[in-house]
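I have placed the structure first, in the form of structure tokens, so that the comments after it can refer back to it.
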Amino acid sequence: MKKFGRISLVLSLTLSMMMLGACSSNNGGGTAEENSGNSGTKSTNSITLGFSQVGAESGWRSANTKSIQDSAKEAGYTLKFSDAQQKQENQIKALRSFIQQKVDVISFSPVVESGWDTVLKEAKDAGIPVILTDRAVDSKDTSLYVTFLGSDFVEEGRKAGQWLTEQYKDAAEDINIVELQGTTGSAPANDRMQGFKEVISSNPNLKIIASQTGDFTRAKGKEVMQAFLKAHKDIDVLYAHNDDMALGAIQAIEAAGLKPGEDIKIISVDAVKDGMQAASEGKINFIVECNPLLGPQLMKVVQDVVDGKSVEARIVTEETTFTSEEAKEALPNRQY
Ligand code: GZL
């Protein structure tokens, strides 16, 4: 459990001043405009959250962004939102800008795991709590952030491996797998690869014959799958770290005159609408869900941090898996 006392100390001092009748002329009530954080004085119940987003590289990311923006609006918080276009230097610039603007809380989804200690120390020195969402950092100093709210990507990789191992448990010959990795150095790419390998290592027939980053995008996923198909005539399975790369790969597979989901089995991660559509058509055989709707949980953590409440150091999001049949049933009710 972690506490962040700076804001609660300020709040209790403000409340005691108000009780002593020394409060500001507006008695801390604040008008709608002041509550929006758009005026010089800010009522104690208006919170400014600085959020640095990875980019807009995938359907998952767009759904994640919408969830955060809608939830911040719902909570009445002032959201300062920055899109880093998948560049770490842009995220670091955004975090420094939030520190200069003295936001109440900083949150971000780190595009890669490494290289954050310096800017996180600057936030800590400025007394601004930081909440990690979606992706983790590899900082050894866990006092640099309050919590990491997001999926267990290693478990997602294991789920993908478990389905494949079950499918080929009686295989007598080699099963050739190609892998489309997510963004190089990112937590989801590193962990989904680790979890998958850990499980399929139980069956020596399951062989990864090629593995390369498609950077979580459709365009790159298609391009790399084209190269895989040129180099290997005997591909049995594609494991894609997200739906967007799988959807790009499907275009390449079909252009090569092969049937996705039949000639080449496909496993993917995310379960965004377009991926679930492809799964319902049998073009993707198994999808591991990675829930992007982190907004409501994030705003709850922001409020707890501002109120000086204890927060779990690790909050894992709930998620499931879908076969083609299950995807067909679930598709009408999907939110993203
Ligand atoms: C996972 C998230 C990944 C998604 C991709 O939590 O970081 O980034 O799986 C997205 O679709 O680009």
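The values are calculated or read from the model by the stated rules, or taken from the named source; none is laboratory data. Because the structure is predicted, anything quoted here is derived from the model rather than measured. Glycine gets a Cβ as well: all are built from the backbone with ideal geometry, and neighbour counts include every protein chain shown. We work out accessible area using only protein heavy atoms, side chains counted, and drop any ligands, DNA or RNA first. Shrake-Rupley method; radii C 1.70, N 1.55, O 1.52, S 1.80 Å.
Here are a few things to note about the model shown:
- Residues within the range 217-258 that are of a type outside the set (Ser, Thr, Tyr) and within 16 Å of the ligand (Cβ to nearest atom), tallied: 18
- Helices (runs of 4 or more DSSP H) lying entirely in the range 266-334 (those with 3 or more residues that are at pLDDT below 95 and either in contact with a Gly (Cβ under 9 Å, 6 or more places away or on another chain) or open to solvent by less than 50 Å² (accessible area, probe 1.4 Å) (or both)): none
- Which listed residue, of Glu173, Glu156, Glu179, is over 19 Å from Asn291 (Cβ atoms), touching a strand residue (DSSP E or B) at 6+ places or on another chain (Cβ under 9 Å) and either part of a loop (DSSP other than H, G, I, E, B) or within 16 Å of the ligand (Cβ to nearest atom) (or both): Glu179
- Residue in the range 96-105 that is open to solvent by less than 10 Å² (accessible area, probe 1.4 Å), part of a strand (DSSP E or B), in contact (Cβ under 8 Å) with a residue 12 or more places away in the chain and not hydroxyl-bearing (Ser, Thr, Tyr) present: yes
- If the condition is being of a type outside the set (Val, Ile, Thr), over 16 Å from Ala246 (Cα atoms) and within 21 Å of the chain's Cα centre (by Cα), then the range 162-195 contributes Gly185, Ser186, Ala187, Asn190, Asp191, Gln194, Gly195.
- Restricting the range 53-64 to residues that are out of contact with any Ser or Thr (no Cβ under 8 Å at 6 or more places or on another chain), open to solvent by less than 20 Å² (accessible area, probe 1.4 Å) and under 20 Å from Gln335 (Cα atoms), the residue that is nearest to the ligand (Cβ to nearest atom) is Trp60.
- Complete set of residues in the range 145-173 that are open to solvent by 10 Å² or more (accessible area, probe 1.4 Å) and among the hydrophobic types (A, V, I, L, M, F, W, C): Phe148, Val154, Trp163, Ala171, Ala172
- Lone qualifier among Ser82, Ser114 - being assigned by TED's automatic domain parsing to the domain that holds Pro296, within 16 Å of the ligand (Cβ to nearest atom) and surrounded by fewer than 19 Cβ atoms within 10 Å (Cβ to Cβ): Ser114
- Of residues in the range 292-336 being in the same structural domain as Arg135 (by TED's automatic domain parsing) and free of Cβ contacts under 8 Å to residues at least 12 places away in the same chain, the one nearest to Ala75 (Cα to Cα): Lys300
- Those residues of the range 123-141 which are surrounded by fewer than 17 Cβ atoms within 10 Å (Cβ to Cβ) and closer than 26 Å to Arg61 by Cβ, in sequence order: Asp138
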